[in-house]
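The structure appears right after this line, and notes come after that.
The values are calculated or read from the model by the stated rules, or taken from the named source; none is laboratory data. Note that the structure is a prediction, hence the values are computed from the model and not measured. Note that each Cβ is placed from the backbone with ideal geometry, even for glycine, and that neighbours are counted across all protein chains shown. Just the protein is used for accessible areas: all its heavy atoms, side chains included, with ligands, DNA and RNA removed. Shrake-Rupley method; radii C 1.70, N 1.55, O 1.52, S 1.80 Å.
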Amino acid sequence: ARRCRSSVAFSEVDLRQAWQNAASAGGDEGVSLLMRGPFTMVRGKMPAGGDILVATMSPADARERARDLPGCCGFTYKGDIDTDEEIEVFFKSQWGLARDGPAGWTAVHFDRSKDVGERLRKVVAPPTSAQLKMTMLSAALPFVGFGFLDNFIMIIFGELIDSTLCVTFSLSTMAAAAIGNTVSDVAGIFSGGAVEHLAIKLGYGEPKMDEKQRELPVTKFWQYAGQVMGIVSGCMLGCCPLLWIDSKAGELLKRDKEKEEIFKTVTNKVRHILQAEAAALLLLDKDRRFLRSTCTTENLPPFKLAANAGFVSTVVRSGHFVNIADVRDEKLYDATIHDNFVGTGMAVSSILCMPIYFEGEVQGTMLLFNKQGESTFTPQDEDVLSAICSHISVELGDSRATFEDVIETCEKSMKKTGAQEWSMSSASQRRVVLYVPALEGIRQVVDAESAALLLYNREAHVLESEVIDGPLLPHRIPVGRGAAGKAVLRGQTVNAPAGSHLLTQEQFFKPTGQREADQEPVQGEVMPLELRSELAIPLFNTCRKCLGVIRCINKNEGTAFTDDDVRYVAEVAQHIEIMLEGPDAGLRRVLSLSRRQMQRTLARSSEGSGQAYKVLTKLLWAENLPVPEDLPDQKMDPYVTFSITRGNPVVNQEPGLAMRVWKARNQDRQQAARRWAKSQTLLEDCNARWDETINVYLDQRLERVPIKELYLHVLLWDYDALEQDNLIAQAAVPLESMPSSALSDPHCLELRPIVGQEGKYNLDGSKLWISYAFSKRPQPGV
């Protein structure tokens, strides 16, 4: 080489190759040559063409660029062989020197095989496993401290903010978390360096490595892994305040504030809707000793009432609402309290107090004072307030309560009934104005020591005293027990003379005002009178289902009540039945009476109702009617129904006939001429004898059906005074086999079991005797 700034030792092969390349170029001045690693630089120009890239840069940068260009074998540029200036460089894909090339050019040959060795000499020594572990540990410890402080401070301050600022300004829990996170981040700025210094002081500093070792991917991986493990561990440790912090405290405080606003709105709305002078929402304290006003209207200050005294004590104790027309007529009236209620100058006259349930028991009341414009709160007011209290009951609970819990609470609230001793709604006033004097009149007329009206509680299956005249205590009697229980179970009058086994001990309540709300009626209370005789008259609705019973206790003169006593009480019972059944009971009874009379009239008429088919049946007698196997000592109360059906109803019968027929009969009661004809009910007679003529009419929808497809469906029923009547047996007679002129001779029908009730009744020997005939009125086009 003519010029060489470096002390590179050239091999003989390299020099020979360079000389040959230069000689082939044919230069006049000879060739200057310089070698730098895999690059060999000579004077001359590479042939034109084959350019990969043309760019302006220094030769040093060109050498680095040639390493990165795929297929690059060298480059050429116009300039001195060892220049450092930026010049235009032509990167070539093939190596060679142009003959007779212009002077002043330099060609650079790139040998990739030599470049591999050069790069191997530049590889950085990897860190040791000890260095990598120390790298991970030194990176993890500061992040453990940072994560711990970040979560710890955020939770502490977030909970504090959630229970203070968020409640005051109605902010969300997310706002509390955001503010708490801001505080923890600010604290992290000042605590980050301190944690790192503490780690170094404890001997967990970074290991000694050069810069290139620190930049290696393996070193970065262990460093990042340590940071991730540290931050995760620190954040988990920083959650320790959750172990002692009540996470629901702030939520409950906000929930209580929302409830307070809701209850305040409801209280004012209730006062406006029900037109009361004042209203208050009262809730029991934890000891259930006092009712404290949670919300009141603006004309009432906060106040509290004793839970075991006054009118509201009845609501808390029994769970029944109280509707009082005039408190001055009640024994608990106190002028010092009610004439100037809680110092407001308001004189209390009428009161409506409704219980509020939560978790199965009374937790408070909604109390309304003084109906405006009327003397008392109406039944409609009771219904409205009951519905509102059911929503308050739901609001008292957890917002995450299940749907079943909400429905149960609403159902219990809506089923509230008026307390017997205080309720003074319109229905209650009718009871006071009519029932009590009526019972007093009954007692005096039949010369009894006491009289009582008991109503049937279907859910508990007991009779409960509603109104009492005389020295009897409030009481309840299980259905089937004693004279009253037997009268309701059998659906007939029971007159028990002295010495009768039906004179049994009842269950008596403690006197009103002393009985606790959750205490069951106790047996063995001291009776004010001894049972010597009893008359029990059952009360029925239009469908002959029992509503209750009238009891007359102890005939003063004699050992038993007379027949005149029975007739008189039975006549009075008919009027009480109408009042108990409702305002439209009279119309329903008139309609029922009209149908029965129509059936008798049409049975005697040859024209009938003008329908296409009419079956005239005469129900004669029955023999050996069955009884349920579980009640072998009880005789049935039989009656028979008739209907005309298309097709044999006994063949291919589906289960559930009793329920289908019962629904159809209920719908049929609204028709003037029924599709279902019914006989009389004979009580406790397994060998009943009716001798009753009954007309059965065809449904208009079956008028064009051929007679050979029509059947008379006969059903035997057992009357039940309390529940749905029991379907016992059935029979079917084709209309085609019936005579069309006069009644046939008595036929003995084969009674068949109801599908699904096989084996329930023993029908062996059970017979039903009837006569029948049918008539057809000509129809146009048939």
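Candidates are the residues of segment 176-196 that are more than 48 Å from the chain's Cα centre (by Cα) and of a type in the set (Gly, Ala, Ser); the one that is surrounded by the fewest Cβ atoms within 10 Å (Cβ to Cβ) is GLY193.
Go through segment 306-347 residue by residue and tally those that are outside any helix (DSSP H, G or I), of a type in the set (A, V, I, L, M, F, W, C) and surrounded by 21 or more Cβ atoms within 10 Å (Cβ to Cβ). Step through it out loud before you land on a result.
So the first thing to find is which residues in segment 306-347 are outside any helix (DSSP H, G or I), and the list is 306-310, 319-326, 330-334, 339-340, 344-347.
From the residues that got through so far, the ones that are of a type in the set (A, V, I, L, M, F, W, C) too are 306-307, 309, 321-322, 324-325, 332, 346-347.
Checking which are surrounded by 21 or more Cβ atoms within 10 Å (Cβ to Cβ) leaves us with 307, 321-322, 324-325.
Number satisfying all stated conditions: 5.
So that you can scan it fast, the table gives a plain yes or no per residue for (1) touching a Cys at 6+ places or on another chain (Cβ under 8 Å); (2) assigned to a loop (DSSP other than H, G, I, E, B); (3) without any contact (Cβ under 8 Å) to a residue 60 or more places away in the chain; (4) acidic (Asp, Glu):
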site: VAL232; (1), (2), (3), (4): no, no, no, no
site: ASP256; (1), (2), (3), (4): no, no, yes, yes
site: GLU260; (1), (2), (3), (4): yes, no, yes, yes
site: LEU282; (1), (2), (3), (4): no, no, no, no
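Out of all the residues in segment 545-559, is one or more open to solvent by 20 Å² or more (accessible area, probe 1.4 Å), at pLDDT 55 or above and within 19 Å of LEU455 (Cα to Cα)? Looking for residues that are open to solvent by 20 Å² or more (accessible area, probe 1.4 Å), at pLDDT 55 or above and within 19 Å of LEU455 (Cα to Cα), one finds at least one in segment 545-559, hence yes.
Just the residues that are open to solvent by less than 20 Å² (accessible area, probe 1.4 Å) and more than 12 Å from TRP621 (Cα to Cα), please, taken from segment 682-696.
Start the filter on segment 682-696 by keeping residues that are open to solvent by less than 20 Å² (accessible area, probe 1.4 Å), which leaves 688, 694-696.
Across segment 682-696, the qualifying residues are ILE694, ASN695, VAL696.
If you take the residues of segment 442-459 that are in contact (Cβ under 8 Å) with a residue 40 or more places away in the chain and open to solvent by 10 Å² or more (accessible area, probe 1.4 Å), which of them is nearest to GLU534 (Cα to Cα)? Among those residues, the one meeting the criterion is GLU449. Tell me whether segment 286-305 contains one or more residues that are touching a strand residue (DSSP E or B) at 6+ places or on another chain (Cβ under 6 Å) and loosely packed, with under 13 Cβ neighbours inside 10 Å. So far as segment 286-305 goes, yes, one or more of its residues are touching a strand residue (DSSP E or B) at 6+ places or on another chain (Cβ under 6 Å) and loosely packed, with under 13 Cβ neighbours inside 10 Å. Among the residues of segment 749-761, none qualifies, meaning not one is open to solvent by less than 50 Å² (accessible area, probe 1.4 Å), hydrophobic (A, V, I, L, M, F, W, C) and modelled with pLDDT under 85.
Looking at segment 151-182 only, could you name the residues that are modelled with pLDDT of 75 or more, among the polar types (S, T, N, Q) and in a helix (DSSP H, G or I)? Result: ASN151, THR173, ASN181, THR182.
Scanning segment 137-194 for residues that are of a type in the set (Ser, Thr, Tyr) and free of Cβ contacts under 8 Å to residues at least 12 places away in the same chain yields a count of 4.
Is there a residue being of a type outside the set (Gly, Ala, Ser) and modelled with pLDDT of 90 or more anywhere in segment 524-536? Walk me through it before giving the result.
Of all residues in segment 524-536, those of a type outside the set (Gly, Ala, Ser) come to 525-532, 534-535.
Checking which are modelled with pLDDT of 90 or more leaves us with 534-535.
Yes, that holds for at least one residue.
The condition (being touching a residue at least 12 places away in the same chain (Cβ under 8 Å), more than 17 Å from THR297 (Cβ to Cβ), in contact with a strand residue (DSSP E or B) (Cβ under 9 Å, 6 or more places away or on another chain) and of a type in the set (S, T, N, Q)) is satisfied by just one residue among THR365, THR376: THR376. Here PRO70 passes the criteria (1) at pLDDT 50 or above; (2) surrounded by 15 or more Cβ atoms within 10 Å (Cβ to Cβ); (3) outside any helix (DSSP H, G or I) except the one numbered (2).
May I ask you to say which residue of LEU502, LEU473 is modelled with pLDDT under 85 and either open to solvent by 50 Å² or more (accessible area, probe 1.4 Å) or closer than 20 Å to THR559 by Cβ (or both)? I'd like the intermediate steps shown before the answer.
Values: LEU473 fails: either open to solvent by 50 Å² or more (accessible area, probe 1.4 Å) or closer than 20 Å to THR559 by Cβ (or both).
Of LEU502, LEU473, the one residue that is modelled with pLDDT under 85 and either open to solvent by 50 Å² or more (accessible area, probe 1.4 Å) or closer than 20 Å to THR559 by Cβ (or both) is LEU502.
What number of residues within segment 217-226 satisfy the criterion of being buried (at least 16 other Cβ atoms within 10 Å of the Cβ) and of a type outside the set (Val, Ile, Thr)?
Initial filter on segment 217-226 (buried (at least 16 other Cβ atoms within 10 Å of the Cβ)): 219, 222-223, 226.
If we keep only those that are of a type outside the set (Val, Ile, Thr) too, we end up with 222-223, 226.
Residues flagged as buried (at least 16 other Cβ atoms within 10 Å of the Cβ) and of a type outside the set (Val, Ile, Thr) within segment 217-226 amount to 3.
Every test in (1) open to solvent by less than 30 Å² (accessible area, probe 1.4 Å); (2) modelled with pLDDT of 90 or more is passed by GLU709 save one, and that test is (1).
Which residues, taken from segment 197-220, are modelled with pLDDT of 80 or more, under 59 Å from the mean Cα position of the chain (by Cα) and under 21 Å from LEU141 (Cβ atoms)? Matches in segment 197-220: VAL218, THR219, LYS220. Every listed requirement among (1) part of a loop (DSSP other than H, G, I, E, B); (2) under 29 Å from LYS286 (Cα atoms); (3) at pLDDT 85 or above; (4) not charged (D, E, K, R) is met by VAL362 save one, (1).
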